[in-house]
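J.: Can you keep this structure in mind? I'll have questions shortly.
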Amino acid sequence: MMYMGSKAKLAKHILPILQAARSGPEQFYVEPFVGGANMIDKMTGPRIGNDLHPELIAMWKALCAGWIPPSEVSRELYTAIRKNPSAFPTELVGFVGFLCSFGGKWWGGYAANTKGDNYAERGARGVLKQVPALRGVQWFNLPYSELHIPESSLVYLDPPYAGTTEYRGGFDHNQFWEWVRALVRDGHTCFISEYSAPSDFQCVL
């Protein structure tokens, strides 16, 4: 899925690290910031995908339940959904807000170019390709700190990067690092994607 900050192109580098750290096929794999699901769709076994965006999680749930997104979204429909999202199905709002916007940025402007590329069709094809690998994922729409993480889980965290586009509702980076430390103390194995980290975290890639 096209998504701001997507790990689709980096997944081949990150995946071996996560797989090597997994204690067994029954260990839960958890993503508190699942976003475009470009990592969780490559993991197997019990999985939890969470994100603060209700529209995004509604879209993933609907897709996994068999919903087929539109292959055509006009500029007029894009504008109508953006202005009055409550008048449309939440999964459609999620699909249009992300996959019909520039760079996969939430309502980042109607995606169009001089070549006439159909971004809705491209987006629909992409997410439908992911669906078979996402069936069985448990989806949640919670603040990351409220997510229940099963005992001794493997946790991959891809939070908003410090100094970049702000997270919906703001993001306290210091609070996030304290939360990760608590996860480790509780026996979870955690990997974080970030440009920099406090000195007590180890760079592995």
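J.: Where a ≥ b ≥ c are the square roots of the eigenvalues of the C-alpha gyration tensor, would you call segment 95-205 rounded, which needs a/c under 1.5, or, failing that, prolate if a/b is larger than b/c, or oblate?
T.: The shape class here is prolate.
J.: Something else now. Taking only Cα atoms and a 10 Å spring cutoff, compute GNM fluctuations for the chain and point out the largest among 34, 180, 127.
T.: 180
J.: May I ask you to evaluate 6.51 cos²θ - 1.76 cosθ + 1.60, the Karplus curve with θ = phi - 60°, for each residue of segment 117-132 and list the ³J(HN,Hα) values in order in whole Hz, giving x for glycine and proline?
T.: 4, 9, 5, 5, 5, 5, x, 4, 4, x, 5, 5, 5, 6, 3, x
J.: To the nearest 10 degrees, how steep is helix 54-64 against the longest Cα principal axis of the chain, on a 0 to 90 scale?
T.: Helix 54-64 sits roughly 90 degrees off the main axis of the chain.
J.: Related question: Quick one: 3J(HN,Hα) in Hz for segment 85-100, Karplus 6.51/-1.76/1.60 with θ = phi - 60°, rounded, Gly and Pro as x.
T.: x, 5, 7, 10, x, 4, 5, 5, 4, x, 5, 6, x, 9, 7, 10
J.: A further question on this structure: Highest GNM mean-square fluctuation, the chain, Cα pairs closer than 10 Å: which of 48, 68, 149?
T.: 68
J.: Continuing with the same structure: Once phi is turned into ³J(HN,Hα) by the Karplus curve 6.51 cos²θ - 1.76 cosθ + 1.60 with θ = phi - 60°, what whole-Hz value does each residue of segment 184-197 show in order, with x for glycine and proline?
T.: 5, 4, 7, x, 8, 9, 10, 10, 10, 9, 7, 6, 8, 8
J.: Which FRET efficiency value, to the nearest 0.05, do you get for residue 26 and residue 161 by plugging their Cβ-Cβ distance into 1/(1 + (r/R0)^6) with R0 = 41 Å?
T.: Calculated value: 0.80.
J.: Could the peptides 39-47, 94-102 be put in order, highest first, of the mean number of other beta-carbon atoms found within 10 Å of their residues?
T.: 94-102, 39-47
J.: Among 72, 31, 55, determine the one that fluctuates most according to a GNM of the chain built with springs between C-alpha atoms less than 10 Å apart.
T.: Fluctuation is largest for 72.
J.: Greater than 19 Å separation of Cα atoms is the criterion. Which listed pairs, 12/129; 9/129; 9/61; 12/42; 9/42; 42/129, meet it?
T.: 9/61
J.: At 222 nm, what value in deg cm²/dmol follows for the chain if DSSP H runs of at least 4 each add -39500 (n - 2.57) and the sum is divided by all its residues, to the nearest 500?
T.: Helix-only estimate at 222 nm: -10500 deg cm²/dmol.
J.: Now for a different question. Would you mind classifying segment 54-131 by shape? Square roots of the alpha carbon gyration tensor eigenvalues, ordered a ≥ b ≥ c; an a/c under 1.5 is rounded, otherwise it is prolate if a/b is larger than b/c and oblate if not.
T.: Cα axes put segment 54-131 in the oblate bin.
J.: Taking the number of other C-beta atoms within 10 Å as the exposure measure, put 186, 51, 200 in order starting with the fewest.
T.: 200, 186, 51
J.: Once amide H atoms are placed 1.01 Å from N in the peptide plane, what residues at a sequence separation of 5 or more from residue 47, or on another chain, have their amide H within under 5 Å of its amide H?
T.: 29, 138
J.: Sticking with this one: Can you give me the relative contact order of segment 54-131 as a percent, contacts being Cα pairs under 8 Å and 6 or more apart?
T.: 34 percent
J.: Roughly what angle does helix 11-21 make with the longest principal axis of the chain, taking Cα atoms, 0 to 90 degrees, to the nearest 10?
T.: With both axes taken from Cα atoms, the answer is about 30 degrees.
J.: Now for a different question. Relative contact order of segment 65-205: what whole-number percent is it, with Cα pairs under 8 angstrom and at least 6 residues apart?
T.: Normalised by residue count, the contact order of segment 65-205 is 18 percent.
J.: Under a 5 Å amide H to amide H cut-off, with H placed in plane at 1.01 Å, what residues pair with residue 33 once short-range neighbours are removed?
T.: When sequence neighbours closer than 5 places are left aside, the close amide H contacts are 50, 158.
J.: If you take the Cα atoms of the chain, find Rg, then find the Kirkwood Rh from the mean of 1/r over all pairs, what is Rg/Rh?
T.: Using only Cα positions, Rg/Rh for the chain is 0.97.
Computed from the coordinates by the stated procedures, all read-outs in this text should not be read as laboratory data. All of these numbers come straight from a predicted model, not from anything done at the bench. With ideal geometry, Cβ positions are generated from the backbone for all residues, glycine too; neighbour counts draw on all protein chains shown.
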